[in-house]
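The values are calculated or read from the model by the stated rules, or taken from the named source; none is laboratory data. Worth saying up front: this structure is predicted, and the values here are computed from it rather than measured. For neighbour counting, all protein chains shown are included, and Cβ atoms are generated from backbone atoms with ideal geometry for every residue, glycine included. These accessible areas exclude ligands, DNA and RNA; they are computed on the full protein's heavy atoms, side chains included. Shrake-Rupley method; radii C 1.70, N 1.55, O 1.52, S 1.80 Å.
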Amino acid sequence: MPHTTKNHNTDQQVPCARCQSSDAVLVVRTENLCRECFVKYVATKILKRLEKNQIRGGFKESQKTLLLPVSFGVSSISLLHVLDQQLQNRAQQGRYAGYNLHLLFVEQSTVLEQVILESSIDLLKQRYPHTFTAISLEDYSSYGIEFEALSGSKEENFQDMVSSLPSATSRADFIEIARRRLILEFAKKRRCDGILFGDSTTRLAEKTLSETAKGRGVAVPWLTADGSSDGISCIYPMRDLLRKELTAYASITTPPLTPLVLETATQIPTSSKDTTIDGLMSQYFESVEEGHPSIVANVVRTSGRLVAPSVSEDNQSCSICGYPVFTGSWGGDQQSVISSQSTEGNGSRTGKVLCYGCTKTALKP
Ligand SMILES: [Zn+2]
């Protein structure tokens, strides 16, 4: 919880570096800020990103529907709060909003220990009365997604597929892949104009390094940069905000967002077999953002320079993660494999294409 910033030598209140009139309550990247200026700082960073992506339609255009996946983490809740306030302000001023929000919650309780209470969902709907849908990872096949390459059948219990995977890292990887594909397919099915992902700078840095370590480096531009992914516009409006800043923000707003935020303090697994690459990356960046936030921002800035390889119509896409598979040009052992687990009705081998990363995920050790 932020408190008044005091000068250590004189024990006097430090004024806000921006407005100079109120007392500073926290230090943001070396600047002492008061409550109001900090709230403004967070909102500006987000809204600037939206402007840059021209997300707000003009007067003559029809209102856009933006899908906002809510995980009850501090980032997606903060994003929702800022956008909700913008929409409310516009409505009060009688101004055209240009967009509306559709909130999506992906239920993962069958495969993850995180349990979102019914009461949190009720509170969310009450505070933010936008269209809200909850779907479960188990519903993947009704969105036209199949993981036949993994399970050998078109439709299998999601939980069984996860438990069949060889390691904690591959289970976490597969859950994340399925969640993202489900969000993309949901957005397409509901004809949304774009998806607003809540990933903070810290989360994007984690993703950059962990996807690379998991052999899916080629997908990093699609996973972290604003742009079209699988035919739908994906935007990361929180990319200039650190997770610790959002944690401070959640407790400083009125009313605070904390009752809606599911605490996901990085848990250090008791046994090394439960350690995942994603978990290690979270622990790493959690400690780095404390003392050296510029390193975190630098990882994201560097990956932001990566350009997604151009995809032509004859590029095959990976049958698990859905990202294009590039053959022949990657050298080393980065080659796609054809899984021969499945056979079609006519008895011929279909052969499912997998990318390098998914090969690692799916193969038994
Ligand atoms: Zn893949």
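So what does Tyr284 come to for accessible area, using a 1.4 Å probe and Å² rounded to 10?
Roughly 110 Å² of Tyr284 is accessible to a 1.4 Å probe.
Spin-label point model (7 Å from Cα, Cβ direction): what's the Leu306 to Leu47 distance in nm?
3.3 nm
State to the nearest 20 debye the size of the charge dipole of the chain about its Cα centre, where the only charges are +1 on K and R beta carbons and -1 on D and E beta carbons.
1100 debye
Return the long-range amide H neighbours of Arg216 (sequence gap of 5 or more, or a different chain), with a cut-off of under 5 Å between placed amide H atoms.
none
Helix 35-52 versus the longest principal axis of the chain: what angle, 0 to 90°, nearest 10, using Cα atoms?
Between helix and principal axis, roughly 40 degrees.
Work out from phi, with θ = phi - 60° and the Karplus expression 6.51 cos²θ - 1.76 cosθ + 1.60, the ³J(HN,Hα) of each residue of the range 169-185, listed in order in whole Hz, and give x for Gly and Pro.
4, 5, 5, 4, 4, 5, 4, 5, 4, 5, 4, 5, 5, 5, 4, 4, 5
What is the range 201-317's relative contact order, in percent, from Cα pairs under 8 angstrom and six or more apart in sequence?
39 percent.
Indicate the gyration tensor shape class of the range 175-306 (rounded, prolate or oblate), computed on the Cα atoms with a ≥ b ≥ c the square roots of the eigenvalues: a/c under 1.5 is rounded; otherwise a/b larger than b/c is prolate and the rest oblate.
rounded
Give me, ordered by chain and number, the residues 5 or more places off Leu354 or on other chains with an amide H under 5 Å from its own placed amide H.
Ser319, Val337, Ser339
Can you pull the one-decimal nm distance between simple spin-label points at Asn89 and Ile145, each 7 Å off the Cα toward Cβ?
Computed distance between label sites Asn89 and Ile145 equals 3.5 nm.
Quick one: order Leu123, Leu103 from most to least accessible surface, probe 1.4 Å.
From most accessible down to least: Leu123, Leu103.
Given labels modelled 7 Å from the Cα in the Cβ direction, how far is it in nm from Lys154 to Ala213?
Between Lys154 and Ala213, the label points sit 3.8 nm apart.
Would you tell me the accessible area of Val27, worked out with a 1.4 angstrom probe on the heavy atoms of the protein chains, in Å² to the nearest 10?
Here the accessible area works out near 90 Å².
Pairing the Cα long axis of helix 74-92 with the longest principal axis of the chain, what angle in degrees results, from 0 to 90 and rounded to the nearest 10?
That helix lies at roughly 60 degrees to the long axis.
Using Cα centres only, tell me the gap between the range 10-85 and the range 231-259 in whole Å.
One Cα centre to the other: 8 Å.
What is the distance in Å between the Cα centroid of the range 119-191 and that of the range 299-314?
Cα centroid of the range 119-191 versus Cα centroid of the range 299-314: 25 Å apart.
What does the convex hull of the Cα atoms come to per residue for the range 26-67, in Å³?
Spelled out: Cα convex hull of the range 26-67, divided by residues, is 101 Å³.
With θ set to phi - 60°, apply the Karplus curve 6.51 cos²θ - 1.76 cosθ + 1.60 along the range 247-252 and write out the HN-Hα couplings as whole Hz, x wherever there is a Gly or Pro.
Calculated HN-Hα couplings, in order: 5, 5, 4, 4, 9, 9 Hz.
Using a 1.4 Å probe over the heavy atoms of the protein chains, calculate the carbon and sulfur portion of the accessible area of the range 55-311 as a whole percent.
Carbon and sulfur together cover 50 percent of it.
Picking from Val115, Thr275, Ala213, whose Cα lies most toward the positive end of the charge dipole for the range 55-311 (charges on Cβ: Lys, Arg +1; Asp, Glu -1)?
Ala213
From the P(r) of the chain, could you give the percentage of C-alpha pairs in the tail past 30 Å?
Summing the P(r) tail past 30 Å for the chain gives 42 percent.
Could you check what % of the DSSP bridge pairs in the chain are antiparallel, to the nearest 5?
Bridges in the chain are about 45 percent antiparallel.
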